[in-house]
Amino acid sequence: SLAIERLNTACDPTKTADLAAVLMHQGLANLCIVTPNTTLVQSRIQTNIPRKRKGASGYDKGIVKFYEAVLDSITRTFNFD
């Protein structure tokens, strides 16, 4: 019914959101929903990334793993339809 649909829309902040934002820093990402009144952090991803060093280091693997985790969280959190 119309009342249930309005209630679901009012209770779900993602339905009234104006913008979705991903704030990223080295090893830390916040996925936010921006509504007309508030900004809600939907998800926080934190990954330890090794420092850059000469020779064999896990820096590149750590960055790739971090980006994959962020992309996976974006596809689960935000509805693009």
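What does the helix-only formula give at 222 nm for the chain: each DSSP H stretch with n ≥ 4 adding -39500 (n - 2.57), the total divided by the residues, and the result rounded to the nearest 500 deg cm²/dmol?
-11500 deg cm²/dmol
Please give the per residue accessible area of the chain, computed with a probe of 1.4 Å over protein heavy atoms only, in Å².
80
Would you mind getting me the FRET efficiency between His25 and Asp60? Use the beta-carbon distance for r and R0 = 22 Å, nearest 0.05.
Efficiency at R0 = 22 Å is approximately 0.75.
Quick one: with all protein chains in place, what share of the accessible area of the chain is carbon or sulfur, to the nearest percent (1.4 Å probe)?
In the chain, the share of accessible area belonging to carbon and sulfur is 52 percent.
Protein chains only, probe 1.4 Å: how do Ser73, Ser1, Ser57, Ser43 rank by accessible area, largest first?
Result of the area sort, largest leading: Ser1, Ser57, Ser43, Ser73.
Which entry is the computed Kirkwood radius over Cα pairs in Å for this structure: (1) 14.7; (2) 15.1; (3) 12.0?
Label (1) holds the value from this structure.
For a quick check of understanding: with a 1.4 angstrom probe and all protein chains in place, what accessible area in square angstrom does Lys52 have, to the nearest ten?
We get 150 Å² for Lys52.
Quick check: residue separation of Asn8 and Thr38 times 0.36 nm, minus the Cα distance between them. What number comes out in nm?
Taking Asn8 through Thr38 to full extension adds about 9.0 nm, to one decimal.
The values are calculated or read from the model by the stated rules, or taken from the named source; none is laboratory data. A quick note: this is a predicted structure, and the numbers were derived from the prediction, not measured. Here the Cβ is made from the backbone with ideal geometry for all residues, glycine too, and neighbour counts use every protein chain on show. For accessibility, only protein heavy atoms count, side chains too; no ligands or nucleic acids. Shrake-Rupley method; radii C 1.70, N 1.55, O 1.52, S 1.80 Å.
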